[in-house]
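None of the figures in this text is laboratory data; all of them are computed from the coordinates on show. Treat the numbers as computed from the prediction; the structure is a model and nothing was measured. Note that each Cβ is placed from the backbone with ideal geometry, even for glycine, and that neighbours are counted across all protein chains shown.
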Amino acid sequence: MAMASPVLRRWTPTPSPTTPLNVASSIGGEHETGRGVFLTWRDVSVTAVDEKGRHKLILDQITGCARPGQVLALMGASGSGKTTLLDTLSGRLGVDMNGTGDILINGRRKRLSYGTSAYVTQENTLMTTLTVREAIHYSAQLQLPGSMLLAKKLARADRAIREMGLGAVASSRIGGRVCKGISGGERKRVSICMELLASPGLLFLDEPTSGLDSAAAYHVMAHIARLARTTGTTVVAAVHQPSTEVFDLFNGLCLLANGRMVYFGPTPEAAELSNEDLNSIISISTNEDLVDEYNYLTASSSSG
Ligand SMILES: Nc1ncnc2c1ncn2[C@@H]1O[C@H](COP(=O)(O)OP(=O)(O)OP(=O)(O)O)[C@@H](O)[C@H]1O
């Protein structure tokens, strides 16, 4: 695999592991709760080891950050390393994988714990016979701490239902293959809703729009983007081939190709890039503009 891009080596504003970032001041009162966290990662490499002890490089020195109130999209062709990066950042790397590099949460090296982060996988495992409200209330009772009053758990569940725009279908049966229930997009939102119960500051989503038509995909991502904006939640989502409308909902883009990062920066600029530009980014990775964009995006996370 090719060497890491010089963009990565010139990544300057590193939050010190001993200096926590001031999330509240950075989100400037724009959000209701400011529950999001700064997640930064530097020189993250991952190697898979097979049963014969052979090593395969899956991620090659990936550097980036995700900010409160924003949605960072991880994009790239199938096999480029999106899920592996998501797993690495969320601390879910399999035992057959070795990861190196720094991952900082609010400027500190610490493990993600319950309530700090949530991960929504591609699979929907929902109880088909329950209504949306029943399933989410049930999940709240099981998930939330025993010390929390039942009324508070249910209020938390109702808030999550509202945040994911599921109010209109709260009394509908989830359903499945045999008995038709809510739509595929609504099922995705129920899965996300269940992960929101603990009010995580950081939400990892693996292909939240897979299997959905473009309208349903937009609906799911629009709710996620609104949630990020209004609550300050930090969202990192692996997304495959989003429509233009969905792409416009993202704040930042981390573009991977064969385990290497070929673009990191705000989406408006990325949307301007043609295939030719992207190819030149891959081949001329000393692009000064990218360095500037990267520094711009990371500067605020080190200023707190
Ligand atoms: N445990 C493993 N052992 C060996 N190779 C692996 C392992 N896990 C993933 N890989 C390889 O690493 C590469 C990246 O996989 P990953 O699932 O992260 O890609 P992806 O971009 O999420 O793909 P997709 O969009 O198809 O889900 C692929 O080539 C995959 O085959």
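Here are some notes:
- Oblate is the label for the stretch 72-189, because a/c, from the alpha-carbon gyration tensor with a ≥ b ≥ c as root eigenvalues, is 1.5 or above and a/b does not exceed b/c.
- Proximal lysines to residue 82, defined as alpha-carbon separation beneath 24 angstrom and excluding residues fewer than eight positions away on the same chain: 56, 110, 188
- Rel. contact order, % - alpha carbon contacts under 8 angstrom, at least six apart, the stretch 73-187: 21
- Normalised by 2.2 N^0.38 Å, with N the number of residues, the alpha-carbon radius of gyration of the stretch 124-199 equals 1.03.
- Kirkwood Rh, angstrom, the stretch 35-94 [1 / mean 1/r, Cα pairs]: 12.8
- Estimated dipole of the stretch 106-261 in Debye, rounded to 20 [Cβ of Lys and Arg +1, of Asp and Glu -1, Cα centre]: 560
- Placing unit charges on the Cβ atoms of the charged side chains and taking the dipole of the stretch 64-136 about its Cα centre, the candidate lying farthest along the positive direction among 72, 84, 95 is 72.
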